[in-house]
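The values are calculated or read from the model by the stated rules, or taken from the named source; none is laboratory data. Just so it is clear, the structure is predicted and the values come from calculations on it, not from any experiment. Every residue, glycine as well, gets a Cβ built from its backbone with ideal geometry; the counts of neighbours run over all protein chains shown. For accessibility, only protein heavy atoms count, side chains too; no ligands or nucleic acids. Shrake-Rupley method; radii C 1.70, N 1.55, O 1.52, S 1.80 Å.
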Amino acid sequence: MHYAALASGSKGNCHALSDGGRTLLVDAGISLLQIRSRLAALEWDADSIRAVAITHEHSDHIGALGVILRRTDWAILATAATRAAVEQAQGLQIPPSRWVELEAGRPRDWAGWRVLPFSLPHDAEDPVAYRIEAGGAASAIVTDLGCPTALVADHLQDLDLLVLEANHDVDMLREGDYPARLKARILSRVGHLSNAAMAELLGRVLAPRLRQVVLAHLSESNNDPALARLAAEEVLRGSAATLHVAHQRVPLALPPVA
Ligand SMILES: [Zn+2]
Ligand SMILES: [Zn+2]
C-alpha cells in the first residue's frame, strides 16, 4: 500500500492511497488540476484514481467535488448524511450511479479493499475517519476531530500507517489573534485536535506494527511543525515508526508499507 499526502491543512485536504493499480483519494479539498499535478510531481499515475472517500462536508475537504463530478468518472464514497450535506453546501448532486453508500461503523468492500468509516467528534453532519485495509496493510486517516474518543482509539489498533491530526498548539492558539469565537470552536470537543491530544491518542494506539506516522491538518497560524514533531517524537521514542509531517502545499509520498 502506497500513501501520499497531496495537501493537508485548513486551505485544503487530499490524501491518496494506492495498491499499485488503483488509487483512492480521501477528501478532495484542492482543485482537480492540483490533485493531478501533485500526483504527477510524485510520479504517481493520476489515471489510476478510481474514487474519492469523503470525510465530511467542510469546504477544505470537498472543494473540488463539483469539478470531479463533471470531469471524471470517479466514484464518490460517503455516508448518506454527508452526501446530503455536501450536496447542500456545494449546490450539486451526486448521481446515484456515482455514489457508494457508506455507514459509519460498517466496513464496505471497495475494489477488494476493506474501507471502514468510523465516527469522530467534529462539528459536521456525520463526520468520519477511515481505516482502510488492502494487500495485508492497515492504514487510517484521522483528521478533524475535537477530542480522542475511545471509539476512535479502538479503530486505530494494529495499524501499519497512521495519518493523524495535529492541528494546534494550545498556547499558540490561546495567545494568537484568532477571534474568541473561532478559538472556542477549535478548542471545543467538536473542533480540532491539539498537539497534546494527538500525542495522548498516539500513545494509546502505538503498536509494534506501526511503521509510519504522518501528522496532518496542521494550522499555519496556531502551530509550528517543530512543536508537533516534538510532541509525537516523545511518544514514538524507541518504536520502529518513522514520523512525517503533511504540508499544505508540498506533496509528500511515503515508501510502501507491507
Ligand atoms: Zn478540515
Ligand atoms: Zn472540518
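Observations on the model:
- Test result for Ser37, over 18 Å from His61 (Cβ atoms) and either of a type in the set (Asp, Glu) or at pLDDT 95 or above (or both): yes
- Matching residues, segment 26-55, being among the acidic types (Asp, Glu) and closer than 26 Å to Pro127 by Cα: Asp27
- Residues satisfying the stated conditions in segment 54-99, i.e. within 16 Å of ligand 1 (Cβ to nearest atom) and of a type in the set (A, V, I, L, M): Ile54, Ile62, Ala64, Leu65, Ala78, Ala85, Val86, Ala89
- When segment 187-204 is filtered for residues that are within 16 Å of ligand 2 (Cβ to nearest atom) and farther than 15 Å from Leu120 by Cβ, only Leu187 remains.
- Here is the figure for segment 1-15: residues that are in a strand (DSSP E or B) and within 16 Å of ligand 2 (Cβ to nearest atom) total 3.
- Cross-chain or 6+ apart pairs with Cβ under 8 Å, segment 25-42 first and over 15 Å from Val67 (Cβ atoms), then modelled with pLDDT under 95 and open to solvent by 30 Å² or more (accessible area, probe 1.4 Å): Leu39/Asp45
- Residue count for segment 16-56, restricted to those that are in a helix (DSSP H, G or I) and surrounded by fewer than 17 Cβ atoms within 10 Å (Cβ to Cβ): 8
- Inter-residue pairs, beta-carbon under 8 Å, first surrounded by fewer than 21 Cβ atoms within 10 Å (Cβ to Cβ) and in segment 146-160, second part of a helix (DSSP H, G or I) and of a type in the set (Gly, Ala, Ser), 6+ apart: Cys147/Ala197
- Residue in segment 204-220 that is in a strand (DSSP E or B), in contact with a helix residue (DSSP H, G or I) (Cβ under 8 Å, 6 or more places away or on another chain) and within 19 Å of Ile30 (Cβ to Cβ) present: yes
- Scanning segment 114-145 for residues that are surrounded by fewer than 19 Cβ atoms within 10 Å (Cβ to Cβ), assigned to a loop (DSSP other than H, G, I, E, B) and among the charged types (D, E, K, R) gives Asp123, Glu125.
- Among the residues of segment 127-146, the one identified as within 16 Å of ligand 2 (Cβ to nearest atom) and either of a type in the set (S, T, N, Q) or more than 15 Å from the chain's Cα centre (by Cα) (or both) is Thr143.
- Check on Ala111, closer than 22 Å to Ser10 by Cα and either among the hydrophobic types (A, V, I, L, M, F, W, C) or open to solvent by less than 10 Å² (accessible area, probe 1.4 Å) (or both): no
- Residues that are under 15 Å from Ala140 (Cβ atoms) and either within 16 Å of ligand 1 (Cβ to nearest atom) or in contact with a helix residue (DSSP H, G or I) (Cβ under 6 Å, 6 or more places away or on another chain) (or both), drawn from segment 14-32: His15, Val26, Asp27
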